[in-house]
1. Kindly identify the range 187-286 as rounded, prolate or oblate by the Cα gyration tensor criterion: order the square roots of the eigenvalues as a ≥ b ≥ c, call it rounded if a/c is under 1.5, otherwise compare a/b with b/c, prolate if a/b is larger, else oblate.
2. Please list, in order, the residues from the range 244-270 whose amide nitrogen is less than 11 Å from a point placed 7 Å along the Cα→Cβ vector of residue 93.
3. Suppose a student asked you for the relative contact order of the chain, using Cα pairs under 8 Å spaced at least 6 residues apart; what percent would you report?
4. How high is the relative contact order of the range 177-302, in percent, with contacts defined as C-alpha pairs under 8 Å that are six or more residues apart?
5. Run the simple label-point estimate for residue 303 and residue 347 please: 7 Å along Cα→C-beta, distance reported in nm.
6. Take the alpha-carbon centre of the range 153-218, take the same for the range 18-52, and report the distance between them in whole Å.
7. Quick check: pseudo-label points 7 Å beyond the Cα along Cα→Cβ at residue 160 and residue 62, how many nm apart are they?
8. Rank 349, 90, 244 by mean-square fluctuation in a GNM of the chain with C-alpha springs under 10 angstrom and give only the top-ranked residue.
Ligand code: HOZ
């Protein structure tokens, strides 16, 4: 396997040392093959919002498993999950299930172009929308983590249609629209950035994009692969009160199994085959096991008080992290929303990817190692958000803050 892994960030290249090889996960914990236990803040990169291997999710999966692993035909479970997504996410009137966030973003891009008849797209520096050719321009996640220039193998003719702007910069977006009249299909963004660390939208940014796209006959697309059902039950669009035309999802809606989805206004989604001419298909799409895990996860999240609990757990954690770093005399800036958090070892503020790059990545590598030695598993990159879950207890958070205190003191 290239780099010994199935996805680049996992190789620990930017933090040094050897990757931890997991054996099993449960609740807020992961155990490695040597039997060491870690409090996990990666949560399988987002899906494990109810905690790993939740007993109700496992029981539901066992029941579905008895009926088979794949149908390759419509199943009732797809209808159930589709209804839940449509009820929860303001922009979604129709939804198509796929198998990953990358696939969802790849399809939504085709849909943006098909619907508008325009080829160009605006994305933001440091945002990551999966590994489709057109998105591998100033991308976040593994591309940022490994400091890679834009990937070889991506034709220049493809990325010529990808325009980029700094996050939180409405003026830059205005200029791109002015320079490319009637050519831009839409603007796609992570409404809260989780692939360049953790960057929140400034007041008016999302609203401004909504207005600008409308004025220019372009679509607004929220990539809620990370934020969907995490920032709130209805995602970032619900939390910030800005409704895009289209939305991509993944992670939480699969409850730990491979699922992605894209959805939006019925008029636009009706372009998708076989309702319309825009082609997109998939053998395992709508897979019964994946639908089951998604349905059960959303049912658990819908229970009263879940998001309040996630918010307070995460706030306690990030406050503890910031305080511990400051006590050690380190520069730090950090933030959390609901069950998502992040910090940068720099003075801040961090408004965009350029600011994020000021973080001390060498120090982060040392911190990562020190935390591992204390039984805490953080994302092995300074440019990935952290994730909490309903399973993270007060004791877990206290133990984590204590580990941060010791680790910051060590690296200061
Ligand atoms: N690109 C995802 C994180 N932003 C997944 C990384 C992984 O699974 O290794």
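No lab work stands behind these numbers, since they all come straight from the coordinates. Just so you know, these numbers come straight off a predicted model, no measurement behind them. So basically every Cβ, Gly included, is an ideal-geometry build from the backbone, and we count neighbours across all protein chains shown.
1. Judged from the Cα gyration tensor, the range 187-286 comes out oblate (a/c at least 1.5, b/c at or above a/b).
2. The answer is 264-270, whose backbone nitrogens lie closer than 11 Å to the label point.
3. In percent, rounded to a whole number, it is 24.
4. Numbers: 177 pairs, mean separation 24.6, N = 126.
The normalised contact order for the range 177-302 reaches 20 percent.
5. 4.7 nm
6. A separation of 35 Å, based on Cα centres.
7. About 5.8 nm separates the two model spin labels.
8. 349
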